[in-house]
Amino acid sequence: MENFEEDFESKTGNFLKEPLSLSDLIGTGCNFEISTNFEEDAAHKIFDELNLGSDEEEDDDNRRSSDELPDLVSPWLQPFAELKENMLQINPYLWKKVMKIGKESEPVVPFRNARVTLRYNAYWEGEGAPFDSSFLRGSSLTFYTGLGEVLEGLEAAVCTMHSGEQSQFVISYHLLFREMGCPPRIKPKADALFIIELLSYNLIGDIDADLQISAEDKTKFPVVIEKVKDIHLKGLDFFRQGLYRNASRAFEKAADMLKFCRLANEEEEEDQRNFLIKLFTNLAVCYIKVNLPSRTCIVCKEIRQLTNNKPSCKALFQEGRALLMLGEYKRARELLVKAQYMEPHNDDIGNELKILDTRYSRYKENERTIWTKAMGIIKSKDDDKKEANLNELEEEMLKLLQNFKDDETQKKLCIPAGFTTKEVDIIDNLAKRLELKLTLDPLHNGRYSVNKKKL
């Protein structure tokens, strides 16, 4: 198996929105603001069921435009003690009042392994203007629970919320800036009012969940499947962030763990089969994303075996896309047409068929033009011109092969019948010169084809 780059792709840390003056920092001090934008476009991507098949898709129904600002004036200018009387006390340092109910059918945000996206305003007691506001920055805040990335009180508050919920919290200084504060901006023992809108959260799993399995349990399905689910979740999180190679590694790891489990009964066999289909489908998408269509074809073959040659529409679609990338136009069309029959109103399938038709028409036109000229040279019977004809053939073939190499949409060039052994040798030498490979194709009646070498 081709090796991936070993280092994980990673995100950089937070940055200051404006640079600090070192002289001001040492002298009178200065205020600063941290940019908390976490590539919202990547964080909020919603994946079509056809493309990823994820059960953990985000919902943007409750997500408002960043231009839609709420009233930024504090809703409470009286002492927090009076406000607490109408709030639910969560613990000795946290009080809560729900302003808009979220998705109560779903669990609240877990304390670990969740990626949370929210917007908030924060106010000191008795002050009308917020001392911190994601709304004023025009962005949301995204962080991971359990890693201490935000104030303890803010994370504790969020971990009581459902997705889509809006709530007010009074948070004690014990969970904020402690007794000392940070004068003059933050007073000692300063409690705060936070108004939070939880846009969404996703479970992110754990890529190293397998390390928690003891040696004697590594093949026990009930133990392994739970860790596989954690790794699968981490793969989905990588995918949402556009880290497709990392996602591939996660799904590959989960599939390898699952394939070698000992199964005790038919129910475990069915659970294993269904989860493997999900993992292989996700892998098919990832391999397309990192331009490895041949691997997509391999995992689609696994899916066919698991489904008794009855793959889902999404699996047919991904295999068709892979074959299109490989230049297998006829087979790609067959699979995409089957997928379209299963989902006739799916725009993605229709668009892929249009791309296929455009590429295939261009390919056939180029092939017809070059081969017409090349075959015309071959059919010349004049012995005196034979050597000249071979030189002209070599020149035309060189143009053809160079065009084929430069066209990223073509992966295979089929050679028509009718060439002599000497002429095939010329084509072979030209292919080698351009770092291409001439092979005998048993699937096409023993005809030769030129293929691009794998990098």
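The values are calculated or read from the model by the stated rules, or taken from the named source; none is laboratory data. What you see is a predicted model; the values in this text were computed from it and never measured. Here the Cβ positions follow ideal geometry from the backbone for every residue, glycine too, while neighbour counts run over all protein chains shown. Keep in mind that these areas ignore ligands, DNA and RNA; they rest on the heavy atoms of the full protein, side chains included. Shrake-Rupley method; radii C 1.70, N 1.55, O 1.52, S 1.80 Å.
Scanning segment 291-330 for residues that are small (Gly, Ala, Ser), within 20 Å of Lys259 (Cα to Cα) and not in a helix (DSSP H, G or I) yields no hits at all.
Condition check for Cys159 on (1) in contact (Cβ under 8 Å) with a residue 40 or more places away in the chain; (2) open to solvent by 30 Å² or more (accessible area, probe 1.4 Å): one failure, at (2). Met325 falls short on exactly one of the conditions (1) at pLDDT 90 or above; (2) within 20 Å of the chain's Cα centre (by Cα), and that condition is (1).
Based on what the data block shows, is Ile196 over 30 Å from Ala81 (Cβ atoms) and touching a residue at least 60 places away in the same chain (Cβ under 8 Å)? Considered against the rule, which asks whether it is over 30 Å from Ala81 (Cβ atoms) and touching a residue at least 60 places away in the same chain (Cβ under 8 Å), Ile196 comes out as no. Just so you know, in segment 224-264 the residues that are among the aliphatic types (A, V, I, L, M) and open to solvent by 40 Å² or more (accessible area, probe 1.4 Å) include one that is farthest from Cys286 (Cα to Cα), and it is Ala264. Set side by side, the residues Arg185, Arg115, Arg137 differ, and just one is open to solvent by less than 30 Å² (accessible area, probe 1.4 Å) and farther than 20 Å from Lys84 by Cα, which is Arg115. Those strands (runs of 3 or more DSSP E) of segment 140-209 in which 1 or more residues are within 29 Å of Ala250 (Cα to Cα) and either hydrophobic (A, V, I, L, M, F, W, C) or at pLDDT 95 or above (or both) occupy 141-144, 192-203.
Of all residues assigned to segment 300-309, none qualifies as being in contact with a Lys or Arg (Cβ under 8 Å, 6 or more places away or on another chain) and among the acidic types (Asp, Glu). Does segment 345-357 contain at least one residue that is over 30 Å from Val224 (Cβ atoms), assigned to a loop (DSSP other than H, G, I, E, B), open to solvent by less than 50 Å² (accessible area, probe 1.4 Å) and not acidic (Asp, Glu)? Looking through segment 345-357, at least one residue is over 30 Å from Val224 (Cβ atoms), assigned to a loop (DSSP other than H, G, I, E, B), open to solvent by less than 50 Å² (accessible area, probe 1.4 Å) and not acidic (Asp, Glu). Here Tyr93 meets each of (1) open to solvent by less than 80 Å² (accessible area, probe 1.4 Å); (2) modelled with pLDDT of 75 or more; (3) among the hydroxyl-bearing types (Ser, Thr, Tyr) with one exception, condition (1).
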